[in-house]
Amino acid sequence: MNTLDKDWDTLVNRLEKQFDDEMTLKGILYLIGIQELNFGIKRFNREEKLNVLHVATCKLLSSFGYYQFVSVDKDGWPHYKELKAVKNLDEKEQERLIKRAIINYIN
């Protein structure tokens with residue numbers, strides 16, 4: 001098992017204990033998006049939930065130069081500009097990059 005996998009498993013175990021629930025990559029991204037939005041208690045529709053995941057992804061990958069924060073709109077949603085195309089990475093590379101970014105963000 002490599003360092004990323006060990007770090008990821010440690011983080012997931014910690015979050016599962018903290019939230020007393022099973023944690024997935026998407027679930028962790030959602031938590032980060034909610035934290036970044038800082039809207040408080042709010043119900044999101046399906047489209048908004050996808051936007052929450054997008055906010056988290058942009059925030060996380062901005063530390064690796066893939067996105068740059070632009071502004072927050074009148075409704076409080078942050079907007080990012082893509083600097084490098086994440087889709088140029090294969091699916092496995094994208095997942096590893098996002099996991100590393102989550103570990104850096106939370107730790």
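The values are calculated or read from the model by the stated rules, or taken from the named source; none is laboratory data. What you are looking at is a predicted structure, and each value in this text was computed from that prediction instead of being measured. Neighbour counts are summed over all protein chains in view; Cβ atoms, including those assigned to glycine, are modelled from backbone coordinates with ideal geometry. Areas reflect the complete protein model, heavy atoms only, side chains present, ligands, DNA and RNA absent. Shrake-Rupley method; radii C 1.70, N 1.55, O 1.52, S 1.80 Å.
Could you tell me how many of the residues in segment 39-57 are in a helix (DSSP H, G or I) and not polar (S, T, N, Q)?
Step one: filter segment 39-57 for residues in a helix (DSSP H, G or I), giving 46-57.
Next, from what is left, pick out any that are not polar (S, T, N, Q): 46-50, 52-56.
Adding up the residues that qualify gives 10.
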Original post:
Does any residue of segment 11-20 turn out to be over 17 Å from the mean Cα position of the chain (by Cα) and in a loop (DSSP other than H, G, I, E, B)?
Top reply: yes
**OP:** Please find, among Ile98, Ile106, Ile102, the residue that is modelled with pLDDT under 95, of a type in the set (Val, Ile, Thr) and surrounded by 12 or more Cβ atoms within 10 Å (Cβ to Cβ).
**Re:** Ile106
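I want to confirm something. Restricting to segment 82-95 and keeping residues that are in a loop (DSSP other than H, G, I, E, B) and open to solvent by less than 50 Å² (accessible area, probe 1.4 Å), which single residue is modelled with the highest pLDDT?
The initial filter retains those residues of segment 82-95 that are in a loop (DSSP other than H, G, I, E, B), namely 83-85, 89-90.
If we keep only those that are open to solvent by less than 50 Å² (accessible area, probe 1.4 Å) too, we end up with 85, 89.
Working: Ala85: 91, Leu89: 88.
Filtering first and then ranking leaves Ala85.
When only residues in segment 52-81 that are β-branched (Val, Ile, Thr) and open to solvent by 50 Å² or more (accessible area, probe 1.4 Å) count, which is nearest to Tyr30 (Cα to Cα)? Before you say what the answer is, go through the steps one by one.
First, the residues of segment 52-81 that are β-branched (Val, Ile, Thr): 52, 55, 57, 70, 72.
In the following step, the residues that additionally are open to solvent by 50 Å² or more (accessible area, probe 1.4 Å) were identified as 70, 72.
Numbers: Val70: 21, Val72: 19 Å.
Per the criteria, the residue is Val72.
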Original post:
Could you say whether any residue in segment 24-42 is among the aromatic types (Phe, Trp, Tyr) and open to solvent by 30 Å² or more (accessible area, probe 1.4 Å)?
Top reply: yes
